[in-house]
Amino acid sequence: MQDVFTDLAAEAAELERAVAGLDPAGWATPTPAPGWTVAHQIAHLGFVAHLAWTAAADPQTFAKMAAAAKDDFEGAVNAALTDYLTGGPDQTLERWRTEQAAATKALAEVPAGQVVPWLVNPLPPSILAAAGMMELFGHGQDVYDALGIDRTPTDRIGHLAFFGSRTRDFGYLAHGLTPPAEEFRFELTAPSGLVWNFGPDDAAERITGPAYDFCLLVSRRRHHADLAITASGAEAERWLEIAQAYRGPAGEGRKAGQFVRA
């Protein structure tokens, strides 16, 4: 697996190619996220990249931003969307392109062994970059779905597969549930055919299937009924209903049958 910073840049470049030639009508195309167009998705990615750059390059300013948004983070996100959309599609794209490149570079340049501040806890820069992969993957999937583009998965998703296995508890917390003490075993097949294993060999609760489907699951871009993911164990089966690789409210997610089964 390549380093996460290289793959983060490649994932962003792929999405940029998909939207760079859109006309105004294309930017206004509704995505599966209710109320969000293609432009909203790219604007959101620009804001998230700006947060990541600030965390890595200017921790003091990031602390002020986080404190200001603490009581109403959703409101802060919505305000940022309005700001990033103000100049029209060309400016929205350029801001995201610039912010994404700056964030990736800043995270890669954090000295070894150091962490960067983030919204809940400080994180190693590689983990924050993996979280950035999750953002790019999820919001990128919304764009591809809206534009009718069949995404060709690559082994870059390995970073998200790992991140999704390590953030197993987020789904429980989002629903006010207590996560189980026992770890899960995740056995995921990469697009290349490699098998990625996370968690103890002897775990009773298991999640298996294509890594791409797993990433669609934890980013909540597909309902588990439309994916080739198998759960072994009652707790693992329950987890399929609540899986998410991000903190905070789960959001509406996708309905069973909304997309063709993988």
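Assorted remarks:
- C-alpha long axis of helix 59-69 to longest principal axis of the chain, angle in °: 80 degrees
- Accessible-area composition of the stretch 34-151, carbon plus sulfur, in percent [1.4 Å probe]: 57 percent
- C-alpha long axis of helix 89-108 to longest principal axis of the chain, angle in °: 60 degrees
- Cα pair count fraction exceeding 21 Å, expressed as % - the stretch 1-94: 41 percent
- Straight-line cross-link partners of Lys105 among the lysines, defined as a Cα under 27 Å from its Cα and at least 8 positions apart when in the same chain: Lys64, Lys70.
- Accessible area per residue in Å² at 1.4 Å probe, computed on the chain: 47 Å²
- Approximating the spin labels as points 7 Å out from Cα along Cα→Cβ, the His175-to-Val195 distance works out to 2.9 nm.
- Approximating the spin labels as points 7 Å out from Cα along Cα→Cβ, the Ala25-to-Glu74 distance works out to 3.4 nm.
- Extension gain for the segment Asp202 to Glu237, taken as residue separation times 0.36 nm less the Cα-Cα distance, is 10.9 nm to one decimal.
- In order along the stretch 118-129, phi translates into HN-Hα couplings of 9, 5, 10, 10, x, 10, x, x, 5, 6, 5, 5 Hz, rounded to whole numbers, per the Karplus curve 6.51 cos²θ - 1.76 cosθ + 1.60 with θ = phi - 60° and x for Gly and Pro.
- Computed with a 1.4 Å probe on the full set of protein chains, the accessible area for Ile149 sits at about 60 Å².
- Cubic angstrom per residue, convex hull over Cα atoms of the chain: 129 Å³
- The 3J(HN,Hα) values that the Karplus relation (6.51, -1.76, 1.60; θ = phi - 60°) gives for the stretch 205-214 are, in residue order, 9, 9, 10, 9, x, x, 4, 4, 4, 4 Hz. Gly and Pro appear as x.
- Taken over the stretch 98-226, the percentage of Cα pairs per 10 Å bin, counting from 0 up to the bin with the maximum distance, is 11, 37, 37, 15, 1.
The values are calculated or read from the model by the stated rules, or taken from the named source; none is laboratory data. All values derive from a computational prediction rather than experimental measurement. Neighbour counts are summed over all protein chains in view; Cβ atoms, including those assigned to glycine, are modelled from backbone coordinates with ideal geometry. Areas reflect the complete protein model, heavy atoms only, side chains present, ligands, DNA and RNA absent. Shrake-Rupley method; radii C 1.70, N 1.55, O 1.52, S 1.80 Å.
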